1. Within region 217-243, track down each residue that is open to solvent by 90 Å² or more (accessible area, probe 1.4 Å) and either modelled with pLDDT of 90 or more or charged (D, E, K, R) (or both).
2. Six or more apart or on different chains, Cβ atoms under 8 Å: show the pairs whose first residue is in region 339-352 and assigned to a loop (DSSP other than H, G, I, E, B) and whose second is open to solvent by 50 Å² or more (accessible area, probe 1.4 Å).
3. From the list L132, L113, L96, L120, exactly one residue is assigned to a helix (DSSP H, G or I) and touching a Cys at 6+ places or on another chain (Cβ under 8 Å). Which is it?
4. Within region 67-89, how many residues turn out to be surrounded by fewer than 17 Cβ atoms within 10 Å (Cβ to Cβ), at pLDDT 95 or above and either out of contact with any Ser or Thr (no Cβ under 9 Å at 6 or more places or on another chain) or closer than 16 Å to D128 by Cα (or both)?
5. Look at R57 and say whether it is part of a loop (DSSP other than H, G, I, E, B), closer than 24 Å to Y142 by Cα and either in contact with a strand residue (DSSP E or B) (Cβ under 8 Å, 6 or more places away or on another chain) or not hydrophobic (A, V, I, L, M, F, W, C) (or both).
6. Specify which of the listed residues (R180, R121) is farther than 17 Å from G20 by Cα, of a type in the set (K, R), modelled with pLDDT under 90 and surrounded by 15 or more Cβ atoms within 10 Å (Cβ to Cβ).
7. Which one of V321, V333, V304 is within 14 Å of A280 (Cβ to Cβ) and either in contact (Cβ under 8 Å) with a residue 24 or more places away in the chain or surrounded by 24 or more Cβ atoms within 10 Å (Cβ to Cβ) (or both)?
8. Would region 293-316 turn up any residue that is over 21 Å from F347 (Cα atoms), out of contact with any Lys or Arg (no Cβ under 9 Å at 6 or more places or on another chain) and charged (D, E, K, R)?
Amino acid sequence: MNQHHESTGPHDEQQITLRGPAELADALPYLMGFHPSDSVVMVALHGGRGRFGGRLRLGIPRVSREWPSVAEQLAECLIKGSERRGGRPDAIVVFLCQDPAEGESGDQVMERLRPLAQNLRTACGALDVPVLEALCISDGRYWSYCCPDDRCCPVEGNRMAMPGTSVMAAAAAYAGIQVRGTLREMEARLAPLNASAAVAEQQRALDSAGAELFPKILDGAGRENVGRDTLDLVRRLMKRLEQAPATPSASDTDDDRLITHDEAAAVILGLQDRETRDRAAEWMEGPEAASALRLWRALARRCVTPYEEHAAAPLTLAGWVSWSTGDEPGARVALGLALRADPHYTFAQLLHEACNQGLDPETLRRCLRGERGARTAGRDRAAEPAGRPRTERRTRHRTVRPATARRRKPTRGPACPGPTSSRRRSGQTPPNRRGSRSGR
């Protein structure tokens with residue numbers, strides 16, 4: 001079972017009227033930004049006209065006995081989350097999306113998932129929020145669990161509209177909204193390599209780098225050197241990617257060829273240090289963001305067995321850059337995979353929650369800019385001539401205080417990366433599961 005959901009707040013207002021199950025089913029990919037395969041999707045409705053509000057996605061639990069408890073958790077999460085964002089929903093729309101298994105038909109999928117739909121309707125009703133519509137989408141058709149009229153919702157289901165022919169498709173095209181394919185396709189771009197030869201070579205590179213770097217990371221002075229070397233290598237790789245723009249049809253393959261197994265291993269292991277990862281998160285905007293995102297995706301693909309858990313760091317960075325640059329669907333997919341790799345990865349948890357709550361990433365960007373500014377100012381002070389007047393040095397020190405003050409008191413969004421630093425001082429740092437992990 002995927003334990004982490006995805007949700008979004010309402011987007012900019014644009015009046016689109018959807019009439020009936022057919023148009024609701026067609027609107028789903030545009031609401032999410034991708035086709036949510038193998039998913040439960042719940043969308044909050046507000047007001048008498050049913051304005052779309054928060055939305056939530058979870059992978060369909062494979063074990064049916066989990067469905068009642070999962071339904072209760074999802075209903076509470078969506079309703080309580082909507083209340084925190086400004087208003088209790090007046091109704092909810094539920095979508096169950098799953099392709100047929102081998103030898104299974106769409107209507108069999110619909111019947112198999114009917115108890116889950118009923119669990120969701122019951123859980124929402126128990127919180128005094130009715131489910132206005134519950135749809136199953138499978139094999140190019142949709143079925144309604146709520147409509148009893150065979151004239152509009154026949155037993156064999158209704159065929160989905162041709163892509164691009166609906167009212168929602170026209171409105172989305174006008175607004176510049178794109179659907180990026182299926183969830184499975186988006187996750188595949190971040191999945192570990194599966195070619196046996198490449199996996200074996202990458203595994204050897206990670207083993208070799210681990211034997212060299214872990215003793216240094218565990219040593220105070222050596223850890224700083226590893227962090228510095230890691231960031232220098234990241235800069236070189238980003239420059240290399242920037243100078244070799246990938247073609248859209250083979251972007252991931254092109255990027256993989258530009259990074260050697262040894263280089264990937266060194267950066268992956270270096271990013272397991274929290275301070276190094278936080279520094280890497282500063283490549284979040286402007287021209288640097290595109291090449292950084294390509295690099296983090298490529299590194300996530302290099303986290304082969306038995307190093308899957310190490311993917312949490314590059315996946316979280318990929319999610320952060322995606323969110324920072326306005327790609328919320330991509331951010332939620334990457335952060336969801338990061339939490340699948342390591343459910344206790346604190347930075348991913350904070351970003352996932354903030355993205356789901358519809359918060360503004362600018363707060364965290366200001367925080368990271370402040371960290372970079374303070375560090376730059378510190379280097380400048382260290383480089384000052386010894387004879388410079390003391391009053392001038394004090395003046396230079398005060399110039400960085402506004403950025404530091406903003407960092408300490410953010411008004412929205414997650415705290416700065418590296419929240420474990422406060423735990424470390426209080427003696428509450430959770431034990432690391434691997435010696436390679438020095439922070440989250």
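1. E224, R228, D229, R235, R236, K239, E242, Q243
2. Going by the 8 Å Cβ cut-off, the qualifying pairs are P343/Q3; H344/P430.
3. L113
4. Number satisfying all stated conditions: 1.
5. The answer is no for R57.
6. Sole residue among the options that is farther than 17 Å from G20 by Cα, of a type in the set (K, R), modelled with pLDDT under 90 and surrounded by 15 or more Cβ atoms within 10 Å (Cβ to Cβ): R180.
7. Exactly one of V321, V333, V304 is within 14 Å of A280 (Cβ to Cβ) and either in contact (Cβ under 8 Å) with a residue 24 or more places away in the chain or surrounded by 24 or more Cβ atoms within 10 Å (Cβ to Cβ) (or both), namely V321.
8. No, every residue in region 293-316 fails to be over 21 Å from F347 (Cα atoms), out of contact with any Lys or Arg (no Cβ under 9 Å at 6 or more places or on another chain) and charged (D, E, K, R).
The values are calculated or read from the model by the stated rules, or taken from the named source; none is laboratory data. What you see is a predicted model, and the numbers here were worked out from it, not measured in a lab. Counting neighbours? That spans all protein chains shown, and the Cβs are built from the backbone with ideal geometry, glycine included. Only protein heavy atoms, including side chains, enter the accessible area calculation; ligands, DNA and RNA are left aside. Shrake-Rupley method; radii C 1.70, N 1.55, O 1.52, S 1.80 Å.
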